[in-house]
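To start, the structure under review is shown below, and the notes come after it.
The values are calculated or read from the model by the stated rules, or taken from the named source; none is laboratory data. These figures come from a predicted structure and were not determined experimentally. We place every Cβ from the backbone using ideal geometry, glycine too, and count neighbours over all the protein chains shown.
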Amino acid sequence: MNTPKLRVICASVLCAIFVVGLFAGTVSPYPYAKQFRERPNAAPSSTHLLGTDSLGRDLFARLIYGTRVSLLLAPAAALLATLLAGIFGGLAGLVGGWCEKFILAATDLSMALPLLFVLLALRALLPLDISPVLSVIATFALLGLLGWPSSLRVVWAATKNLRNCDFLLLARATGCGRWRMIVRHLLPNLRPVLFAQFWISIPVFVLTEATLSMLGLGVIEPLPSWGNLLRGLEDISAVTANPWRLTPLVLLALVVICFQLILPAQEETA
Amino acid sequence: MPSPLKNLALTILLALAVPVRAQTGGELHFCLHGEPKTFNPILVDDEASENVRYLTGGVLIRLNRQTQALEPALSTSWKISRDRRTITFHLRKGIHFSDGTPFSSEDVAHTMRLLMDPETHSPTGDAFRSGEGTAQVQTPASDVAVITFPAPIAGLERLFDQVAVLSAHSPKKEMAVLGPFYVADYKAGSYVLLQKNPNYWRHDAQGHALPYIDSVRLDIQRNRDIELLRFRRGELQLINRLDAEQFERLQRENPAVTRNAGTGLDAEELWFNQSPAAPLPASKKSWFGMTEFRKAISMAINREDLCRVVYAGYAKPAYGPVSPSNHFWFNAHLEDPKYDPQGALRLLAQAGFRLDNDTLKDRAGNRVEFTVVTNSGNAAREKIATMIQQDLSQVGIKVNVVTLDFPSLIERMTRTFDYEACILGLVNTDLDPNGQMNVWLSSGENHQWNPSQKSPATAWEAEIDKVMREQATAPTEKERKAKFDRVQQIAAERQPFIYLINKDVLLAVSPSVVGAAPVVLEPWGLWNVDTLRLGPAPELGVQK
């Protein structure tokens, strides 16, 4: 299959998944929190397309609501992280001097911190009486706020390269103002890097949320996310007995693959 | 003799020898779920060390884990004075420590001195510290020890089940033991190897020396899944405490290896934060302080569903601080509250709450909503919280569930008091209510709903304080029981803790272990380790 065709397929798959997640309320046969306590761990049937979880909740309903949570908030967190990386990485690369040193030192310090423990500590500092929806927003906001350092290094390196390019020297020599130089010359050239960082961050944040949920610290019950659905896979023999429990993992893998296959297209078209 | 005949004779001999060899000797393998912090029995403070202490320590009085009655061990008899301050032990004669040092009353005196010495910081010794001053030990004869405490101690004789006697003269110090095994080898993070104590004092009815097993290998393994995998491969012969999911899986594969010892002593419970120092809105403090509110919450929780869904049926609804498995102290006269959401609504209405469009509101019109915290990583507790969330939504109450890592949770429970309600488990290792003193006294640190009070906040807490102190000094067990029954009654009426379930004690025992009779008390499957025998390891017939 040629590459453009593959990208179209990937984009279509992603769009389809996004749409289903967006209209979860309409598509879902049951509310995601409803417990059918007489039917815990039920196998797939016409009543429950993907069976039920250990509390008797419909897994199909939870999967599509979880899709909404994970696929809407992960891009938002990725956007926030990319924005921060773009602003500070660009500033460090462009201005140089003590500003560059300070920003890079802060980045190195942030990268040296174990992200997971920082997230655990920050999550513990949040007030307890927040609703599950606010909690999920807070989790992704924290991911966005803490997930910028690696992107910043890339943006900084790209900006530093561009700063010494002939076309920027020429622009500077012809008296081009600083803002005009940034907007007209620098940003268009940084766009592929920023796009790449954005697309790369999405699956990273989906997976980080999954890790946090596996630790019981991501999206809180009863709100589903791919992360807390993946917790059902902790017991490997239960998965062998109920292979349909792998659906969230398959979906996550599919989304990550699609994002990765679309990514080169962004670099090429920019 | 010609060779074929020799072989035949050897085969016959071996065949005849098999039943005998299957009954004695061999090595028992099982796992400790943590590193033993000490081999000094008087410093034991963790489950792994406690297991080692049980297997190696010789005690004056042993609590029979099956009958829950006290039995003579190193002492042939004992007598407690009327004021419950003095206990006189008559010791067995002709007993030696594992290294051959003779046992006498001097060893008892030495052990008690170490135990009661504040410099030793012995957790076991804490239970004996009833008042100001130290315990006096007299040794009028080599087989008589008289111990006098500064103040009366209720259930005094029972406490000696935890006191492993140390040698006063052995150069090996605490490594010289009087129990069935001694520590022969230890590799940190890997294993503890125990060998049969050749001088162990117990013999079976036929006069054979106990224990039957030659050695016990305790592998240090924190990961329960790996433990289960090793059991299924036949590398381990026993697993103490399985969770319901593991148990059910194992039962599907090979029912012969699963053992349900019955309802355990541990309970899962929910409580509301009633501390005046809690940074909570006044309305919430007022709800949490109302008995009717707490009772209504209790009535609206479907405990049967919790047992069936979360624990696959391997749990029983809990209604009080004492499990029915604690035969003597359980108050059987208390009525089990039934799951009754309508009754809960009626009770809430009496207390001034009203249901408005499926939303419960208080007198001032505030929506009734609270957050339940529990520790992250405990799947069962998270499921319990989620099920309670749905149960309480039936009576219009919105519950948020938050999981926190354990240190953060403890910080909120004990220092900042910044939480509304909490689900945690109460681990009960002692049958005697004195072990729960710190929970029931209003001044106690573990009086979780309102800890470390200077004076009791409510009249019923004052009554619990009074009755608990009275039971601790009552002269007879019957009187103590009557007093503690009253405490259980108050707890049922006031519901400071909303008890949810008592988990079953689930174990896996290989059919090669002969004589295993798991019980609900620690150390569960190992309580009769000195009479366990190892037969040939049969094919488990489970997935490898």
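A few points about this structure:
- Search result, residues across region B:203-236 that are assigned to a loop (DSSP other than H, G, I, E, B) and under 27 Å from the mean Cα position of the chain (by Cα): B:LEU210, B:PRO211, B:TYR212, B:ILE213, B:GLN221, B:ARG222, B:ASN223, B:GLU235, B:LEU236
- Which listed residue is in contact with a Gly (Cβ under 9 Å, 6 or more places away or on another chain) and of a type in the set (D, E, K, R), from B:ARG494, B:ARG469, B:ARG533, B:ARG486: B:ARG533
- Looking only at region B:229-258, and only at residues there that are under 14 Å from B:VAL513 (Cβ atoms) and buried (at least 20 other Cβ atoms within 10 Å of the Cβ), the one that is nearest to the other protein chains (Cβ to nearest Cβ): B:PHE231
- Criterion: free of Cβ contacts under 8 Å to residues at least 60 places away in the same chain and under 25 Å from the mean Cα position of the chain (by Cα) - qualifying residue of B:LEU178, B:LEU193: B:LEU193
- A:GLY51 vs. criteria buried (at least 18 other Cβ atoms within 10 Å of the Cβ), within 14 Å of chain B (Cβ to nearest Cβ) and on the phi > 0 side of the Ramachandran plot: no
- Some residue of region A:20-32 being within 19 Å of A:ILE220 (Cβ to Cβ), within 14 Å of another protein chain (Cβ to nearest Cβ) and surrounded by 20 or more Cβ atoms within 10 Å (Cβ to Cβ): yes
- Residues of region B:30-64 that are buried (at least 22 other Cβ atoms within 10 Å of the Cβ) and part of a loop (DSSP other than H, G, I, E, B): B:VAL44, B:GLY57, B:GLY58, B:LEU60.
- Any hit, region B:292-312, residues being farther than 24 Å from B:GLN390 by Cβ and either assigned to a loop (DSSP other than H, G, I, E, B) or within 14 Å of chain A (Cβ to nearest Cβ) (or both): no
- Filtered residue count, region A:107-121, keeping only those that are within 14 Å of another protein chain (Cβ to nearest Cβ) and in contact (Cβ under 8 Å) with a residue 24 or more places away in the chain: 4
- Residue among B:ASN400, B:ASN366, B:ASN357, B:ASN375 that is in contact (Cβ under 8 Å) with a residue 40 or more places away in the chain and either small (Gly, Ala, Ser) or farther than 21 Å from B:PRO276 by Cβ (or both): B:ASN375
- Residue within region A:80-94 that is within 14 Å of another protein chain (Cβ to nearest Cβ), under 28 Å from A:VAL19 (Cα atoms), assigned to a helix (DSSP H, G or I) and out of contact with any helix residue (DSSP H, G or I) (no Cβ under 7 Å at 6 or more places or on another chain) present: no
- Candidate set: region A:226-265, residues that are buried (at least 17 other Cβ atoms within 10 Å of the Cβ) and small (Gly, Ala, Ser); chosen: the one modelled with the highest pLDDT: A:GLY227
- Annotation note: of B:GLY94, B:GLY125, the sole residue that is closer than 17 Å to B:LEU60 by Cα and surrounded by fewer than 16 Cβ atoms within 10 Å (Cβ to Cβ) is B:GLY94.
- Residue that is surrounded by the fewest Cβ atoms within 10 Å (Cβ to Cβ) [pool: residues in region B:358-397 that are facing another protein chain (nearest Cβ under 10 Å) and charged (D, E, K, R)]: B:GLU369
- The single condition from (1) closer than 30 Å to A:LEU254 by Cα; (2) of a type outside the set (Phe, Trp, Tyr); (3) free of Cβ contacts under 8 Å to residues at least 24 places away in the same chain that A:MET181 fails is (1).
- Residue among A:LEU104, A:LEU113, A:LEU91, A:LEU73 that alone is among the hydrophobic types (A, V, I, L, M, F, W, C), out of contact with any Asp or Glu (no Cβ under 6 Å at 6 or more places or on another chain) and closer than 27 Å to B:GLU382 by Cα: A:LEU73
- Count of region B:436-468 residues, restricted to those that are without any contact (Cβ under 8 Å) to a residue 12 or more places away in the chain and part of a helix (DSSP H, G or I), is 3.
- Matching residues in region B:177-199 - criterion: being among the aliphatic types (A, V, I, L, M) and surrounded by 23 or more Cβ atoms within 10 Å (Cβ to Cβ): B:VAL177, B:LEU178, B:VAL192, B:LEU194
- Given (1) in contact with a helix residue (DSSP H, G or I) (Cβ under 6 Å, 6 or more places away or on another chain); (2) assigned to a loop (DSSP other than H, G, I, E, B); (3) under 24 Å from A:ASN228 (Cα atoms), number of the condition B:VAL395 does not satisfy: (3)
- B:ASN428 being polar (S, T, N, Q), under 24 Å from the mean Cα position of the chain (by Cα) and at pLDDT below 95: yes
- Candidate set: region B:398-432, residues that are farther than 30 Å from B:ASN357 by Cβ and among the aliphatic types (A, V, I, L, M); chosen: the one farthest from the other protein chains (Cβ to nearest Cβ): B:LEU431
- Any chance A:LEU104 is more than 24 Å from A:ILE202 (Cβ to Cβ) and either of a type in the set (A, V, I, L, M) or not in a helix (DSSP H, G or I) (or both): yes
- Yes/no for A:LEU104 being surrounded by fewer than 23 Cβ atoms within 10 Å (Cβ to Cβ), closer than 30 Å to A:VAL250 by Cα and more than 14 Å from chain B (Cβ to nearest Cβ): no
- The residues in region A:185-224 that are assigned to a helix (DSSP H, G or I), of a type in the set (Gly, Ala, Ser) and within 14 Å of another protein chain (Cβ to nearest Cβ) can be counted, and the count is 1.
- Residue within region B:320-337 that is within 25 Å of the chain's Cα centre (by Cα), within 9 Å of chain A (Cβ to nearest Cβ) and either outside any loop (DSSP other than H, G, I, E, B) or surrounded by fewer than 23 Cβ atoms within 10 Å (Cβ to Cβ) (or both) present: no
- In the set (1) more than 14 Å from chain A (Cβ to nearest Cβ); (2) not in a loop (DSSP other than H, G, I, E, B), B:GLY179 fails one condition alone, (2).
- Pick from region A:122-138, criterion in a helix (DSSP H, G or I) and loosely packed, with under 14 Cβ neighbours inside 10 Å, ranking: farthest from the other protein chains (Cβ to nearest Cβ): A:VAL133
- Criterion violated by B:SER455 - all others in (1) within 14 Å of chain A (Cβ to nearest Cβ); (2) more than 18 Å from B:PRO321 (Cα to Cα) satisfied: (1)
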